Structures are given as C-alpha cells and as structure tokens.
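Trainee: My questions will all concern the structure given below.
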Amino acid sequence: MLIKQKTTDRGVITLFIPYRVRRRGGKKLVIMPDGEAAQARPSIDNTIVKALARAFRWKRMLESGEFTTIGELAEHEKIAPSYMTRVLRLTLLAPDIIEAILEGKQGPEVTLKRMLDPFPMDWAAQVEYFG
C-alpha cells in the first residue's frame, strides 16, 4: 500500500492514501490501492424506516381499539385517510423485505414511492416484485 505519512511542526500527522472512486450499480465504490473495494456501510433509507414505523404504530392503535376507523385515526394524525391506507399497507410486507430495509440491504429499486403503490399480497411475489 502506498500510504504516505507527513508530520508537521505542530505535531499534526497527515496521511495520504491513494484511492479511486468507481460507479457500480448506481452506487459509488472506493477502490483502494490494492484493487479491493472498501467495505461500505449499509445505506438505510430513513424515509422508508419511518414509514414502516408509522404503519405498525397505526396498526397497533387500530387493533387496540384506541381508534375504531382509519378515518378517525387519520383525522387525529392530521393526514389524509387515503395516504394512511397506503402507508398501512406496508404492514403486509414480507418479513424478509422488512428485515432487508431495516438492515439497509434493500436494492435501489425499493423506494418509498414504489412501496406506496399497490404490490402483491403473496410474500414470494413481493420478493420478486421488489427484487
């Protein structure tokens, strides 16, 4: 590896590490001097995670009897009932898909916009639909 170290008069150490950035599959990869890609952290999509959390919270509130209808809950949350029903549908996602989202391992085709569109109810079909 071609790491160079430089120390200044003030005791500051500066490291120079040569690397390249390559695009692969819509993502940027850092290529180190030995040709290996640097390990990237999973990219957790906070908007999808927040929508999932809201969906399961709303489901729990409806199931507990705290609110009797989606319209009543939507009014309480100050959002449109149609939006609430689309978000609530996320509670029907396959556990594997939810786990992948929470770990940041979902593919780039899994977006909140796409998830709020109608999707198959069968879990195997969902995995195929979302990739």
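The values are calculated or read from the model by the stated rules, or taken from the named source; none is laboratory data. In this text the structure is predicted, and so the values were computed from the model without any measurement. Here the Cβ positions follow ideal geometry from the backbone for every residue, glycine too, while neighbour counts run over all protein chains shown.
Trainee: Exactly one condition in (1) modelled with pLDDT of 95 or more; (2) farther than 16 Å from Arg54 by Cα is false for Glu109; which is it?
Mentor: Going through (1) modelled with pLDDT of 95 or more; (2) farther than 16 Å from Arg54 by Cα one by one, Glu109 breaks only (1).
Trainee: Out of Leu62, Leu29, which single residue is modelled with pLDDT under 75 and outside any loop (DSSP other than H, G, I, E, B)?
Mentor: Leu29
Trainee: Have a look at Glu109, Glu99 and point out the one that is within 15 Å of the chain's Cα centre (by Cα) and either in the same structural domain as Arg20 (by TED's automatic domain parsing) or outside any helix (DSSP H, G or I) (or both). Working first, answer last.
Mentor: Numbers: Glu99 fails: either in the same structural domain as Arg20 (by TED's automatic domain parsing) or outside any helix (DSSP H, G or I) (or both).
None of the other options fit; the residue is Glu109.
Trainee: Could you identify the single residue in Ser64, Ser82, Ser43 that is touching a residue at least 60 places away in the same chain (Cβ under 8 Å) and exposed (fewer than 12 other Cβ atoms within 10 Å of the Cβ)?
Mentor: Numbers: Ser64 fails: touching a residue at least 60 places away in the same chain (Cβ under 8 Å); Ser82 fails: touching a residue at least 60 places away in the same chain (Cβ under 8 Å).
Being touching a residue at least 60 places away in the same chain (Cβ under 8 Å) and exposed (fewer than 12 other Cβ atoms within 10 Å of the Cβ) holds for just one of Ser64, Ser82, Ser43, which is Ser43.
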